[in-house]
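Bear in mind these aren't lab numbers, they're just calculated from the coordinates by the rules spelled out. In this text, all values refer to a predicted model and were calculated from it rather than measured experimentally. So basically every Cβ, Gly included, is an ideal-geometry build from the backbone, and we count neighbours across all protein chains shown.
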Amino acid sequence: MPRRREVPVRPVTPDAKYNSKMVAKFINSMMLDGKKSTAERIMYDALSLLEGKSSDTPVKVFEQAL
């Protein structure tokens, strides 16, 4: 907690591949020790597996699961 002024809330930018804020937020919460590229690779690999198994888009299936 800063003593001088309030810290502004930063908006969540959508991810680059699927343009989804929900996926970006999940990647940020999954990230450990600032390793965002590793978290992105894990998430995108899981979504590509979903794409092969499901007839629906992987982002819709992910949002339904949440």
Angle in degrees between helix 36-53 and the longest Cα principal axis of the chain, rounded to the nearest 10: 30 degrees
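Taking the range 1-34, which trypsin sites (Lys or Arg not before Pro) meet the DSSP loop condition and have no more than 15 other C-beta atoms within 10 Å? Each step should come with its number before you reach the end.
Values: sites: Arg3, Arg4, Arg5, Lys17, Lys21, Lys25; in loops: Arg3, Arg4, Arg5, Lys17.
Taking the range 1-34 and a limit of 15 other Cβ atoms within 10 Å, the loop trypsin sites (Lys or Arg not before Pro) found are Arg3, Arg4, Arg5, Lys17.
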Selection from Met43, Gln64, Met1 lying farthest towards where the dipole of the chain points positive, charges on Cβ: Met1
Under-5 Å amide H pairs with Ser20, H placed in peptide plane, nonlocal only: Asp15
Crossing angle, helix 21-30 versus the chain [Cα axis fit, 0-90 degrees, rounded to tens]: 70 degrees
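Helix-derived [θ] at 222 nm for the chain: sum -39500 (n - 2.57) over DSSP H runs of at least 4, divide by residue count, nearest 500?
Working: 3 runs with 36 residues, N = 66.
Calculated at 222 nm, the ellipticity per residue is -17000 deg cm²/dmol.
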³J(HN,Hα) computed for each position of the range 55-66 - Karplus, 6.51 cos²θ - 1.76 cosθ + 1.60, integer Hz, glycine/proline x: 7, 8, 5, x, 5, 5, 5, 5, 5, 5, 5, 6
Dipole magnitude (debye, nearest 20) for the range 1-53, charges at Cβ of Lys, Arg, Asp, Glu: 360 debye
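How many Å³ per residue does the convex hull of the Cα positions in the chain occupy?
Values: hull volume 7.0 nm³, N = 66.
Dividing the Cα hull volume of the chain by its residue count gives 107 Å³.
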Gaussian network model of the chain, Cα within-10 Å springs - most flexible of Asp15, Asp45, Asp33: Asp33
